[in-house]
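Novice: Following this message is one structure expressed as structure tokens.
The values are calculated or read from the model by the stated rules, or taken from the named source; none is laboratory data. Everything numeric here is computed off the predicted structure, so don't read it as measured data. Cβ coordinates were reconstructed from backbone atoms using ideal geometry, including for glycine residues, and neighbour counts include every protein chain displayed. Please note that ligands, DNA and RNA were not included when accessible areas were found on the heavy atoms of the full protein model with its side chains. Shrake-Rupley method; radii C 1.70, N 1.55, O 1.52, S 1.80 Å.
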Amino acid sequence: SGKGYRMRRPLLTVCLCLIAVLALREAIGLARGTPFGEGRGSIAELDLPKRGEVTVTGRVYQKDTDYFYLNSIVICLAEDPRQSFQVTDNCIVEQQEWERGQEPLLGSVVTVEGVYRPFSEAGNPGEFDQKRYYHSLGIGCRLTDARIQSRTLEYSGLRETLYRLRKHWERRLYAIFPQKEASVMATILLGERAGLDREIRELYQRNGIVHILSISGLHITVIGVGIHRLLRRLGAPVWLAAVCGGGTLILYGLMTGMSVSVCRAVGMYLLRMLAELTGRTYDLLTALGAVGAVMLLGNVGYLFHSGFWLSYGSVLGAGVVSPAVWALWEKGRIPSAQRFEGNPWKRFALKQMRRGGEGLMRSLAAGGSVTLTTMPLQLWIFYEVPVYSVLLNLLVLPFMSVLMLAGAAAMLVPGAGAVGTAAWAILAGYERLCGMFDRLPFHTWNPGKPTVWQIALYYALLSGVVWLGSRPKEGRKKNQKKDADAHRGRRLLRLLGWAAGLTILVSIMAIRPPAGNSVTFLDVGQGDGICLRTSSGAVYLFDGGSSSRSQVGRYVLKPYLKYYGLSHVDAVFVSHPDADHVNGIVELIQNRQDWGISVDRLVLPAVEWQTEDAEGDGPFGELLEAAGAGEHPIPVSYVREGDFWQCREVCFRCLHPSADPEDAALWARDSNAASECFYVTFPSGSLLLTGDVQGEGERCLLEELKRREVEDVTVLKVAHHGSRGSTPRELLEQIAPRIAVISSGRDNRYGHPHQELTGRLKAARAAVFGTAEQGAVTVTFAGDGARVYTYR
């Protein structure tokens, strides 16, 4: 044309390049062995004692009832207060109650003395990584048992006023609504997540509507756009409406804590108002890229923050993918004038039905597009997606504006608490709807965590769909009536094409490598938790409990199974009734329906106490009660020495406890000695599981190993967490293990594993691995040998 080339969206291109440079810099740091959050003046560079006394000085930038955050911090060791370290990380300070007159004020500089505690790292696949999460927010450490030594008189009056206003409104919500509903309304309106009812959060998350608890674009529409439109209708100039709407949103964001989704939504709204003031066209992609680049410049850790990706992915789905999907649907459709010929009343009725159907289809397209866009992200973070979330959101989202307005009116207007009845009714309806969808078959799809290549291929194909939808429409033919059949044929082809495309996209996420023979010794702290998987797809759990970590079933067993897409456990074996082997299994069985994990069978040792358990007062009473509860009770079996079964090429044999009645009475007096012990053989190796067997039980186990001529064991699970008296030299000489795995807690009070025990293992030439330092230990049996992988 002679006009030359003109770049489209130059600002977006610059922002994307900047984001790519920031991501590349972090990738290079990881490749060089610098974990995310370390280096560049971080706390990780300091040689601080674990759980040691330190003094921290910094400025308060955020707070709540029992904690506050400091930035620009200086750390001093209690042993040498003259030596101080300036670090770039922020710090969270935990304290249950403030002393009178000592509450830290936002914007003030305080000096705090307390116990330094580093954040815990994930030790198992699928486990929440506390350290990575807080580092993504720029927080490098926490202080507990804090005592405020001093504080400055200068503070931010605006931010402190906003904080007190938020707390006042929160108290008012709890005075108007019941406890559970008040926690939900405080989360939706004020971003107050600390008191949120956990059952409600999990219920919403299982059904795909947990996003309504986040302050995001819907709040911007109700508050910012609402104020802007109201002022414009009242005759206010554009600049005044934009300033008032934007200013209100900034104050609201500061009051609610400026979360990732709030920063994104407020930033995009401000750019929209700026475009209106300057007479420029607002472009969603450019605004999204510009706000993202600014946020990453402020904190590059957002690259590792799940909320950042889900927030931006949802906007892309609603603002980019949905219009493209609808455009593809529209292409070649039969004209409405041709479809409604005949009786005018019939034509009017059909037109109204068409409008309602089109509105419904547009809502489905929008919800489906958001789900399609964020599905790989959801699988990467949660390892599962709710199947009916699009349909449920169609029922939930239309009432969100009413819910927010009714709740806000009850909260803000004195004497208007009765208005909250509408909000209470809507929340009750949400809960009932979620309960109904919970009971539907195939409620949750759990393929596990996808790989990078799957995500890349998925988004490449989705980008192709967006490109096809963004192409201009072809001109319609003159004679529409003659081409009606052709249009219908094209529409059918489009439907088939959509079904095929959706199947391909979902199939990409469902691809998993073929199952192999493997055993994983989970890092449960001071306890045992073992998952054995066979090449035929069978899954067995051997123990699952801890005496040093709470809710190990919720935070270790469940995430591990979800991570690998395992929603079915063929059998759970509990070696003996000690809490450090059974409490996580009790959690798993009690919550099996809510978690979507089925268990076929529970297997316990056949010893004298099983009679007491049948009556409900034995050592396994709570476990058996959980197994018998629910619509589908779990069958219970008992094993003893000599029991044998086979799962294709994998053979299982119980070596202990003894079937001798005299021995069974002895085992009943010592639960450790009665531990289940199994010998498992694979085509390329073998495994010996020993529970907490000790003393007389270990002697009987050795005799059984000799009688069955068990030698050259590939992997030994060391008994009793590596205690001093376990795994004697005679046992090691008999089985000659090549790999020894010890499951124990880090810095445990028992001193496990004992040096004397590790010395015996090294003398037996066994490669020793421990979950305390190395995290989950996985051994795969393939080819002609075994390979060991440690999580850390």
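Novice: At 7 Å along the Cα-to-beta-carbon direction for both Val14 and Leu284, put a label point, then send me their distance in nm to one decimal.
Specialist: Distance between the two pseudo-spin positions: 2.4 nm.
Novice: Using the Cα centre of the chain as origin and beta-carbon charges of +1 (Lys, Arg) and -1 (Asp, Glu), tell me which of Leu761, Gly138, Pro125 is placed farthest towards the positive end of the dipole.
Specialist: Gly138
Novice: Let me ask another. Using a 1.4 angstrom probe on the protein heavy atoms only, could you order Leu249, Leu405, Leu702 from most to least accessible area?
Specialist: Ranking Leu249, Leu405, Leu702 by accessible area, largest first, yields Leu405, Leu702, Leu249.
Novice: May I pose another question? Keeping all protein chains in place, calculate the accessible area per residue for the stretch 663-792 (probe 1.4 angstrom), answer in Å².
Specialist: 44 Å²
Novice: If ligands, DNA and RNA are left out, what is the accessible area of Trp424 with a 1.4 Å probe, given in Å² to the nearest 10?
Specialist: Approximately 110 Å² of Trp424 is accessible to the 1.4 Å probe.
Novice: Can you give the angle from 0 to 90° between the axis of helix 344-382 and the longest principal axis of the chain, with both taken from C-alpha atoms, to the nearest 10?
Specialist: Roughly 40 degrees between the two axes.
Novice: Only Lys, Arg, Asp and Glu count, each charged at its Cβ (+1, +1, -1, -1), so figure out the dipole size of the chain about its Cα centre, rounded to 20 debye.
Specialist: Around 6680 debye, computed over the chain.
Novice: Just to confirm the filter: which trypsin sites (Lys or Arg not before Pro) across the stretch 390-473 are DSSP coil and have at most 15 other Cβ within 10 angstrom of their Cβ?
Specialist: Filter output for the stretch 390-473: Arg439, Lys473.
Novice: 222 nm [θ] for the chain, helices only, -39500 (n - 2.57) per DSSP H run of 4+, per residue, to 500?
Specialist: -14500 deg cm²/dmol
Novice: Once the dipole of the chain is set up with Lys and Arg at +1 and Asp and Glu at -1 on Cβ about the Cα centre, which of Val713, Leu11, Gly596 lies farthest towards its positive end?
Specialist: Comparing the listed Cα positions along the dipole, Leu11 ranks first.
Novice: Now, a different point. When only the heavy atoms of the protein chains count and the probe is 1.4 Å, how do Asp747, Asp660 rank by accessible area, highest first?
Specialist: Final ranking, largest accessible area leading: Asp747, Asp660.
Novice: For the chain, give the percent of accessible area contributed by carbon and sulfur heavy atoms, probe 1.4 Å, rounded to a whole number.
Specialist: Carbon plus sulfur share of accessible area: 56 percent.
Novice: Still on this structure, please answer the following. Give the distance, in whole Å, between the Cα centre of the stretch 109-177 and the Cα centre of the stretch 273-312.
Specialist: 26 Å
Novice: In the full protein assembly as shown, how much of Ser507 is accessible to a 1.4 Å probe, in Å² to the nearest 10?
Specialist: Probe radius 1.4 Å; accessible area of Ser507 about 60 Å².
Novice: Going down the list Lys50/Lys449; Lys706/Lys762; Lys131/Lys762; Lys131/Lys558; Lys63/Lys180; Lys180/Lys558, which pairs span over 27 Å between their C-alpha atoms?
Specialist: Over 27 Å Cα-Cα: Lys50/Lys449; Lys131/Lys762.
Novice: Using Cα-Cα distances under 8 Å and only pairs 6 or more residues apart, what relative contact order does the stretch 681-792 have, in percent?
Specialist: 26 percent
Novice: For the stretch 159-236, what is the accessible area per residue in Å² when the probe is 1.4 Å?
Specialist: 47 Å²
Novice: Another question about this same structure. State the answer as a single residue: which of Ile735, Gly722, Tyr750 lies farthest towards the positive end of the charge dipole of the stretch 700-753, with beta carbon charges of +1 for Lys and Arg and -1 for Asp and Glu, about the Cα centre.
Specialist: Sorting the options by dipole projection puts first Tyr750.
Novice: Mind checking the angle between helix 260-278 and the chain's longest principal axis? C-alpha axes, 0 to 90 degrees, to the nearest 10.
Specialist: 20 degrees
Novice: By the gyration tensor of its Cα atoms, with a ≥ b ≥ c the square roots of the eigenvalues, what is the shape of the stretch 152-231: rounded for a/c under 1.5, prolate for a/b over b/c, or oblate?
Specialist: Oblate shape, in that a/c is at least 1.5 and b/c is the bigger or equal ratio.
Novice: Can you compute the equivalent ellipsoid semi-axes for the stretch 366-453, i.e. the square root of 5 times each eigenvalue of the Cα gyration tensor, sorted largest first and rounded to whole Å?
Specialist: 33, 15, 11
Novice: Follow-up question, since we're still on this one. For Leu412, project a label point 7 Å along Cα to C-beta. Then give me every residue of the stretch 166-193 with its amide nitrogen under 20 Å of that point.
Specialist: What the label zone holds, given the 20 Å backbone N cut-off, is 166-177, 182-192.
Novice: Would you mind telling me the antiparallel percentage of the DSSP bridges in the chain, rounded to 5?
Specialist: Counting DSSP beta bridges with both partners in the chain, the antiparallel share is about 75 percent.
Novice: I need the calculated FRET efficiency for the pair Thr161 and Gln130, taking r as the beta carbon distance and R₀ as 41 Å, to the nearest 0.05.
Specialist: 0.80
Novice: Under a point-charge model restricted to the Cβ atoms of Lys and Arg (+1) and Asp and Glu (-1), what is the dipole moment magnitude of the stretch 667-792 relative to its Cα centre, in debye to the nearest 20?
Specialist: Here the size comes out at about 360 debye.
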